[in-house]
Each structure stands twice: as structure tokens, then as C-alpha cells.
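Student: Just dropping this structure here.
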Amino acid sequence: MEESTASLSLPWKTRVALALITTVTDASRRRNGTVNRRLLSMLDFKSPPSPNPVNGVKSFDVAVDPSRCLWFRVYVPTAAGKLPVVVFFHGGGFIYLSPDGKAYDAVCRRFARKIPAVVVSVNYRLAPEHRYPAQYDDGFDVLRFLDDEGNGGKVLPADADVSCCFLAGDSAGGNLAHHVARRASENKFRLLKVIGLVAIQPFFGGEERTEAEKRLVGMPLTTLPRTDFMWKAFLPPGSDRDHEAVNVSGPRAVDISKLEFPATMVVVAGFDMLQDWQRRYYEWLRRCGKEAWLREYPNTIHAFYIFPELPESGQLMSEVREFVQQQMEKR
């Protein structure tokens, strides 16, 4: 542990931000399995939508189902011509954060500008108030909403091409993106077609404790006590971590070999204790006969790309842009 921690080098700005995040999220966990939402609001600083372009991107919010607070924020770059649509799911262990939080608002603006693409950032329901499969239902219902020309055709800009759709997400959002992609592969849409999946350090796990989970003790953001709490809050009562939602390539894995599953880019970081599960996911996709690419960032941490001061953050943006363009050229 000491050797791994000593070799991790982060700017002071990143360290301060990580210390604040971990302090507030740890303090929000209650022994009865609930979370203190009022305390969490101190961490989730909000960014309003910007109808006038900011750094070449404008944004606005769209309601899908107010009864369950299902909505999304749309980011539209000033780029001309037909644009792919990236449906994005934020991280936070299925418990924390939101699309209008400052960090994810900035991330989605960068994706919209750098790819370029129309980005749809989904506000899905959070655990433990809403457990599995609420989050997957919300994600899939956004796809159905966009597929309805009476909805998507009105709220998205004319240049948005839903037949060239990508799903993307980090951490829990990467898990969510996978499961929504699987549902999309099992269903027929009229206009929308998912042609790519970007799984950025997806939050997967299992009953086993992997080598990385045992070795990378004390790393930022992901620790076993935190992830165990998240899985318990997310899963139906009585479930274990080999549930198909968690251990997607494990003993209860859903067979996707006969599905038209999209090409997938899997991102792994060297100081993320979840890395063994992420590599297993990549290897499972390949065994199932699916197109998959593994992108490794050996010198950084979980959620590294949220921090623009890290050089790997810019590198990932470039890799996602390249992946999206490659999949578009195949059509």
C-alpha cells in the first residue's frame, strides 16, 4: 500500500478537491443505510443552464417525467453540420451527484465542444430512496423519449442525429450505460440507434475481493467500505454483489453474444481499485464476440477526467473524440 500511494502524484488543487469530496460523502452515510441529502447538498454546487453559448456551448433542461423527477440537460455546440448524440450518465455510486452539478456540467460542455456532439445528460433517480432497477428504467426511458419524433424532434436541435447515438458514463454512470445499451440491443427503435458505448471506469464488482481491491487500499474516492455501502444501498434487499447488475461478467451474467451490442471503449486507471473488474468486463465483451477497446491510464485515479488540471483528462477527451469519429465513419 505504501509503495502504491507514494508513487501517486497529484496537484495540490486535485488533492484538496478529493479531500472535500471524500469528507462530505463519508459523513453523509448513515448506519441505517440511508444518506443525509441535506449534507450532500453542500458538495453538489449547481450550475444553471445557459441559453446563450458559454465557451461555444449552450444548454437547456428538458422534462421527461416530472412525477419521478426524470429530466435531462442538453448541450449544443456551435459546430455546424450533422452531430452525433451522446447520452451521458453521471457517476456517484448510484447515490450521489446530478447533471446540473458544477463538475458534470463542465464535463458535458467539454464533450459537446471537443467531440463535437449534442450531449444529453440524464438526471436519473438515486439510491437508496430508489433501488435497482429504477436507474436503468430511467436511462432506457430517455432513449425512448428521444426516439419519439414528437419529443426528440422538438427538443433536440435540427442537426442532432439520433440514428448516430452513443451512450457514455463514468463509474456508476458507466455501469448504467452498459445496462441501458443492453436493453437498447434487445429492443427496436424507430429513429434512434446506439452505435457506441464509452464506459469510463465503470462501477462493477462482485463477491470476490480482487488483487487490485486488496492492493490499492487508501486510494482516493474508491475504497471497499464506500463501494460496499453503495452496492447495499443500490441492490434489492437480500442481494449479494454477484447480482447481474454488479458482476456483469460473472456467474449470473446476461448472455449478450446474440445481441447487436454496440462497439465499446473501456477506460481503466492504474490507481483505481475497480480496475480488475473493468478489465474482466472488456475481456468478457471480446469473448462474447463484441467490438471492444481498452484504454489504460496507468498513473492516475478513479474519476481522473473530472479534474481538467490533470493531463490525462485532456487525453481522454481526445480518445473519446477519436472513438466517436471512428464509429461514425463505419456507418
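The values are calculated or read from the model by the stated rules, or taken from the named source; none is laboratory data. Being a predicted model, the structure only gives us computed values, none of them experimental. Here the Cβ positions follow ideal geometry from the backbone for every residue, glycine too, while neighbour counts run over all protein chains shown. Please note that ligands, DNA and RNA were not included when accessible areas were found on the heavy atoms of the full protein model with its side chains. Shrake-Rupley method; radii C 1.70, N 1.55, O 1.52, S 1.80 Å.
Student: Looking only at the range 256-274, how many residues end up being open to solvent by 10 Å² or more (accessible area, probe 1.4 Å) and touching a residue at least 60 places away in the same chain (Cβ under 8 Å)?
Tutor: As a first pass, look at the range 256-274 and keep what is open to solvent by 10 Å² or more (accessible area, probe 1.4 Å): 257-261, 270-271.
Add one more test, that the residue is touching a residue at least 60 places away in the same chain (Cβ under 8 Å), and what stays is 259-261, 271.
Final tally of qualifying residues: 4.
Student: Turning to a different aspect of this structure: Note down all Cβ pairs under 7 Å where the first residue falls in the range 197-212 and is part of a helix (DSSP H, G or I), the second is of a type outside the set (Val, Ile, Thr), and they're at least six residues apart or on different chains.
Tutor: If the second residue must be of a type outside the set (Val, Ile, Thr), the pairs left are Glu211/Asp276; Ala212/Met273; Ala212/Gln275; Ala212/Asp276.
Student: Of all residues in the range 298-326, which are among the hydrophobic types (A, V, I, L, M, F, W, C) and either in a helix (DSSP H, G or I) or within 16 Å of Ala112 (Cβ to Cβ) (or both)? Give the derivation first.
Tutor: Looking only at the range 298-326, we keep the residues that are among the hydrophobic types (A, V, I, L, M, F, W, C), and these are 301, 303-304, 306-307, 310, 316-317, 320, 323-324.
Residues satisfying the conditions are Phe304, Ile306, Leu316, Met317, Val320, Phe323, Val324.
Student: Filter the range 285-331 down to residues that are among the aliphatic types (A, V, I, L, M), without any contact (Cβ under 8 Å) to a residue 40 or more places away in the chain and in contact with a helix residue (DSSP H, G or I) (Cβ under 6 Å, 6 or more places away or on another chain) and give me whichever is surrounded by the most Cβ atoms within 10 Å (Cβ to Cβ).
Tutor: To start, the set of residues in the range 285-331 that are among the aliphatic types (A, V, I, L, M) comprises 285, 292, 294, 301, 303, 306, 310, 316-317, 320, 324, 328.
Filter once more, keeping what is without any contact (Cβ under 8 Å) to a residue 40 or more places away in the chain: 285, 292, 294.
Okay, now just the ones that are also in contact with a helix residue (DSSP H, G or I) (Cβ under 6 Å, 6 or more places away or on another chain), so 292, 294.
Working: Ala292: 21, Leu294: 16.
Filtering first and then ranking leaves Ala292.
Student: Another question, then. Specify the residue that is least open to solvent (accessible area, probe 1.4 Å); the eligible residues are those in the range 65-115 that are outside any strand (DSSP E or B), more than 16 Å from Arg321 (Cα to Cα) and of a type in the set (Val, Ile, Thr).
Tutor: Of everything passing the filter in the range 65-115, Ile95 is least open to solvent (accessible area, probe 1.4 Å).
Student: Let me ask something else about it. Take the conditions more than 20 Å from the chain's Cα centre (by Cα) and assigned to a loop (DSSP other than H, G, I, E, B) and apply them to Gly33. Does it pass? Step through it out loud before you land on a result.
Tutor: On the way: more than 20 Å from the chain's Cα centre (by Cα): yes; assigned to a loop (DSSP other than H, G, I, E, B): yes.
Taking the combined requirement at face value, the residue satisfies it.
Student: With respect to Asp276, determine if the residue is acidic (Asp, Glu) and in a loop (DSSP other than H, G, I, E, B).
Tutor: No, not satisfied.
Student: Can you tell me which residues in the range 149-162 are buried (at least 19 other Cβ atoms within 10 Å of the Cβ) and of a type outside the set (A, V, I, L, M)? Lay out the reasoning, then the answer.
Tutor: Just the residues of the range 149-162 that are buried (at least 19 other Cβ atoms within 10 Å of the Cβ), to begin with: 152, 156, 160-162.
Selection gives Gly152, Asp161.
Student: Moving on to the next point. Scan Gly139, Gly101, Gly93 and give me the residue that is in contact (Cβ under 8 Å) with a residue 24 or more places away in the chain, under 15 Å from the mean Cα position of the chain (by Cα) and on the phi > 0 side of the Ramachandran plot. Reasoning before the result, please.
Tutor: Working: Gly139 fails: on the phi > 0 side of the Ramachandran plot; Gly101 fails: on the phi > 0 side of the Ramachandran plot.
Going through Gly139, Gly101, Gly93 in turn, just one is in contact (Cβ under 8 Å) with a residue 24 or more places away in the chain, under 15 Å from the mean Cα position of the chain (by Cα) and on the phi > 0 side of the Ramachandran plot: Gly93.
Student: Here is a follow-up. Within the range 31-42, can one find any residue that is open to solvent by 50 Å² or more (accessible area, probe 1.4 Å) and over 21 Å from Asn123 (Cα atoms)?
Tutor: yes
Student: Cβ-Cβ under 8 Å, sequence separation 6+ or interchain: first residue in the range 163-191 and outside any helix (DSSP H, G or I) and open to solvent by less than 10 Å² (accessible area, probe 1.4 Å), partner at pLDDT below 95 and among the charged types (D, E, K, R). Which pairs?
Tutor: Here the result reads Cys164/Lys82; Cys164/Arg331, each pair linking the range 163-191 to a residue that is at pLDDT below 95 and among the charged types (D, E, K, R).
Student: Regarding Asp26, is this residue among the acidic types (Asp, Glu) and not in a helix (DSSP H, G or I)? Full working, then the answer.
Tutor: Numbers: among the acidic types (Asp, Glu): yes; not in a helix (DSSP H, G or I): no.
Spelling it out, it is not the case that Asp26 is among the acidic types (Asp, Glu) and not in a helix (DSSP H, G or I).
Student: Counting only residues that are hydrophobic (A, V, I, L, M, F, W, C) and under 14 Å from Val254 (Cα atoms), how many does the range 168-183 have? Let's see the steps before the verdict.
Tutor: Residues of the range 168-183 hydrophobic (A, V, I, L, M, F, W, C): 168, 172, 176-177, 180-181.
Now narrow it down to the ones that are under 14 Å from Val254 (Cα atoms): 180-181.
Qualifying residue count for the region: 2.
Student: Where residues in the range 54-64 are open to solvent by 70 Å² or more (accessible area, probe 1.4 Å) and more than 15 Å from Leu146 (Cβ to Cβ), which of them is modelled with the highest pLDDT? If you could, list the steps in order and put the result at the bottom.
Tutor: Step one: filter the range 54-64 for residues open to solvent by 70 Å² or more (accessible area, probe 1.4 Å), giving 55, 58, 61.
Now drop any that are not more than 15 Å from Leu146 (Cβ to Cβ), which leaves 55, 58.
Details: Asn55: 90, Lys58: 97.
Per the stated criteria, the residue is Lys58.
Student: With crowded, with 23+ Cβ neighbours inside 10 Å, within 13 Å of Phe204 (Cα to Cα) and not acidic (Asp, Glu) as the only criterion, which of Ala245, Ala253 stands out?
Tutor: Details: Ala253 fails: crowded, with 23+ Cβ neighbours inside 10 Å.
Criteria check complete, one pass: Ala245.
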